[in-house]
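Here's the structure, in structure tokens; my notes come after.
The values are calculated or read from the model by the stated rules, or taken from the named source; none is laboratory data. Note that the structure is a prediction, hence the values are computed from the model and not measured. Glycine also receives a Cβ, built like all others from the backbone with ideal geometry; neighbour counts cover every protein chain displayed.
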């Protein structure tokens, strides 16, 4: 489900390209590609690490899964250099230096795209996806990470059987809840509505994700 939602979200963002941006010195700056960050739980949720996949709008869900798998394995095995170095820096910094260090990292990493403190440039990409359903949560509101300056965060809830109306009848079907949070300096209601519309269309017909994506009517 994570790979399907990630692939669909990337295509939805391509339909509203102005959302693929970040704020730098009070100005909106575009991101060059539609990269998506995925949350990886480490040690049964004791830690959380981001893994970024580049140009997800050009990938099928299967290709997303294949690119994610080795990165996830590396993070969970403790061999991912970026996560290990960042965690080590945070653990050894005195408490009073955390805020200035994070502010500096935010400007360099998330704003200017300069790797620093163990983190790559734009570590979460244009959006961040977390499958909180694997932790037993039906829904969650994700707090934006200032370090990354990412405009969209999407939480995937657990799949549950629930009633819905189909062809005039009430039936039981597996359902999940998607909860999005965003940087309102970049994403307004009209843009969010366009993203949700495309996302719904693609999730209702996921076979479209195995083909080059085109907006409806083209």
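For region 177-197, indicate whether the set of residues that are surrounded by 18 or more Cβ atoms within 10 Å (Cβ to Cβ) and at pLDDT below 90 is non-empty. Checking region 177-197: not a single residue is surrounded by 18 or more Cβ atoms within 10 Å (Cβ to Cβ) and at pLDDT below 90. Scanning region 32-51 for residues that are more than 20 Å from residue 154 (Cβ to Cβ), modelled with pLDDT under 90 and not in a strand (DSSP E or B) yields 43, 44, 46.
Do we find a residue being surrounded by 12 or more Cβ atoms within 10 Å (Cβ to Cβ) and on the phi > 0 side of the Ramachandran plot anywhere in region 61-72? Within region 61-72, none of the residues are surrounded by 12 or more Cβ atoms within 10 Å (Cβ to Cβ) and on the phi > 0 side of the Ramachandran plot. Screening residue 67 against (1) touching a strand residue (DSSP E or B) at 6+ places or on another chain (Cβ under 8 Å); (2) under 26 Å from residue 208 (Cα atoms); (3) assigned to a helix (DSSP H, G or I); (4) in contact (Cβ under 8 Å) with a residue 24 or more places away in the chain leaves a single unmet condition, (4).
If the condition is being buried (at least 19 other Cβ atoms within 10 Å of the Cβ) and modelled with pLDDT of 90 or more, then region 117-141 contributes 122, 123, 124, 125, 126, 127, 128, 129, 130, 131, 132, 133. Applying the set (1) crowded, with 17+ Cβ neighbours inside 10 Å; (2) without any contact (Cβ under 8 Å) to a residue 24 or more places away in the chain to residue 162 leaves exactly one unmet item: (1). The residues in region 13-41 that are within 28 Å of residue 75 (Cα to Cα) and crowded, with 18+ Cβ neighbours inside 10 Å can be counted, and the count is 13. Where strands (runs of 3 or more DSSP E) fall wholly inside region 121-218, the ranges with 3 or more residues that are on the phi < 0 side of the Ramachandran plot and within 12 Å of the chain's Cα centre (by Cα) are 127-130, 152-156, 178-182.
Of the listed requirements (1) closer than 27 Å to residue 186 by Cβ; (2) without any contact (Cβ under 8 Å) to a residue 60 or more places away in the chain; (3) in contact with a strand residue (DSSP E or B) (Cβ under 7 Å, 6 or more places away or on another chain), residue 26 misses just one: (3).
Restrict the check to region 93-104 and report whether at least one residue is buried (at least 16 other Cβ atoms within 10 Å of the Cβ), touching a strand residue (DSSP E or B) at 6+ places or on another chain (Cβ under 8 Å) and over 21 Å from residue 176 (Cβ atoms). Taking every residue of region 93-104 in turn, none turns out to be buried (at least 16 other Cβ atoms within 10 Å of the Cβ), touching a strand residue (DSSP E or B) at 6+ places or on another chain (Cβ under 8 Å) and over 21 Å from residue 176 (Cβ atoms).
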